[in-house]
Amino acid sequence: MERRTGYVWHERYAWHDTGTHAGIYPSGGFVQPYQTYEAPETKSRIAGLVEVSGLIDRLTRIRPELVSEDDLARVHTTRHIEAIKTQSSAGGGDGGDGFTPFGHGGYDIARLAAGGTYAAARAVMDGTVDNAYALVRPPGHHAEPDMGRGYCLFANVPVAIERLRAEGRVGRVAVFDYDVHHGNGAQKIYWSDRETLTVSVHQDRLFPVDSGMVDERGEGPGFGTNINVPLPAGSGDGAYWAVVEQVAGPALRAFRPDLIVVSSGFDPSAADPLGRMSVTSAGFRGIAERLRALADEVCGGRIVFSHEGGYSAVHTPYCGLAVLEALSGITTDVADPFALSFDASPARDLTPWQQDRISESAALAVALGLIVGD
Ligand SMILES: [Zn+2]
């Protein structure tokens with residue numbers, strides 16, 4: 001069934017300047033300058049295919065807006081906001097961990113990214129659209145209250161959620177993060193929050209290496225509302241689909257959110273230079289189809305995707321288009337050329353050792369039912 005799917009993209013997102021690194025390492029000495037992995041093309045080429053495929057004409061364009069300093073301050077410290085703002089007007093700098101470069105004007109582009117996620121979520125909540133995809137940049141899921149990390153300056157998803165809450169538009173929210181890296185930002189921000197469920201599936205101890213373990217469950221009133229699924233390297237479509245069915249499914253049914261927000265990263269792709277997973281575009285389509293069905297079941301179909309990582313500039317466009325097709329129920333004529341090699345690979349299938357890890361997290365989703373049911 002076709003849906004009214006909202007879509008956010010702004011050319012300004014491609015102007016976020018991450019400089020020249022050898023992928024993740026600063027150039028200099030014996031390190032020859034090259035692109036930073038988090039480069040414009042990994043996102044702008046998704047926007048390109050959305051346009052060239054004709055899908056753009058059947059989506060509802062949503063204009064991103066700048067979030068204010070007050071919006072940022074609901075999630076971030078003044079110290080962090082000022083650090084980004086000052087460096088931004090001085091010509092650029094780093095988000096805080098030494099691996100998050102940004103250029104002149106990066107503060108405003110980051111506010112436009114959070115504002116893209118916000119505008120998409122607001123459109124879903126007020127019924128302008130049924131669901132939405134915010135193709136924003138820079139990403140946000142590693143940003144913590146007091147620092148930027150891992151290419152992220154501000155926490156786009158929490159900043160959007162907290163503004164919606166301040167405006168009285170939403171109560172309980174579930175965040176599901178399938179970027180290959182751990183969603184440490186939302187975990188930290190909502191660690192003690194009973195009204196926000198955070199579920200992250202990621203490659204075990206990839207980044208940050210010291211977070212994302214199964215025993216990190218939140219604390220105080222938020223105990224039980226943080227669920228991690230650290231998958232072994234090599235996991236593919238089957239493992240990710242099983243995570244949505246066996247972990248996200250029971251957790252969302254127990255939690256009954258008003259809105260599902262998805263941190264959408266395409267770095268579990270089999271072609272990604274940073275992740276070591278084996279997900280295909282058909283795999284991402286399957287994830288989105290399952291999440292859309294879960295949203296229908298628990299919250300009237302209200303689901304918004306906010307773009308995070310994904311560093312294969314040649315493969316991400318097919319992953320992004322597949323997700324947008326799944327959300328909208330519209331099929332284009334585009335065939336993923338990578339399917340020729342990826343779809344036939346047994347690496348896509350769920351293995352017993354992946355299932356063992358998923359079962360540990362699935363038990364936490366069942367436990368959540370007991371925790372929120374009392
Ligand atoms: Zn990532």
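A few remarks follow.
- Residue in segment 337-350 that is in contact with a Pro (Cβ under 8 Å, 6 or more places away or on another chain), in a loop (DSSP other than H, G, I, E, B) and aliphatic (A, V, I, L, M) present: no
- For the residues VAL279, VAL304, the requirement of being of a type in the set (Val, Ile, Thr), crowded, with 21+ Cβ neighbours inside 10 Å and within 16 Å of the ligand (Cβ to nearest atom) singles out VAL279.
- Among residues of segment 299-326, those that are touching a Lys or Arg at 6+ places or on another chain (Cβ under 6 Å) and either closer than 30 Å to ARG172 by Cβ or not in a helix (DSSP H, G or I) (or both), counted: 3
- Odd one out for ARG45, checked against (1) more than 22 Å from ARG302 (Cα to Cα); (2) part of a loop (DSSP other than H, G, I, E, B): (2)
- Taking segment 171-197 as the range and being of a type in the set (Gly, Ala, Ser) and within 16 Å of the ligand (Cβ to nearest atom) as the test, the residues that pass are GLY183, GLY185, ALA186.
- Taking first residues from segment 133-153 that are under 17 Å from TYR107 (Cβ atoms) and in a loop (DSSP other than H, G, I, E, B) and partners that are of a type in the set (Ser, Thr, Tyr) and within 11 Å of the ligand (Cβ to nearest atom), the Cβ contacts under 7 Å between residues at least 6 apart in sequence or on separate chains come to PRO138/TYR151; PRO139/TYR151.
- Looking only at residues in segment 165-179 that are among the aliphatic types (A, V, I, L, M) and buried (at least 22 other Cβ atoms within 10 Å of the Cβ), the one that is farthest from THR225 (Cα to Cα) is VAL170.
- Scan of segment 338-365 for residues that are under 14 Å from VAL229 (Cβ atoms) and of a type in the set (A, V, I, L, M), ordered by number: LEU350, ILE358, ALA362, ALA363, LEU364, ALA365
- Scanning segment 137-168 for residues that are of a type in the set (A, V, I, L, M), touching a Leu at 6+ places or on another chain (Cβ under 8 Å) and closer than 22 Å to GLU11 by Cα yields one hit, VAL159.
No value in this document is a laboratory result; all are computed from the given coordinates. Just so you know, these numbers come straight off a predicted model, no measurement behind them. Here the Cβ is made from the backbone with ideal geometry for all residues, glycine too, and neighbour counts use every protein chain on show.
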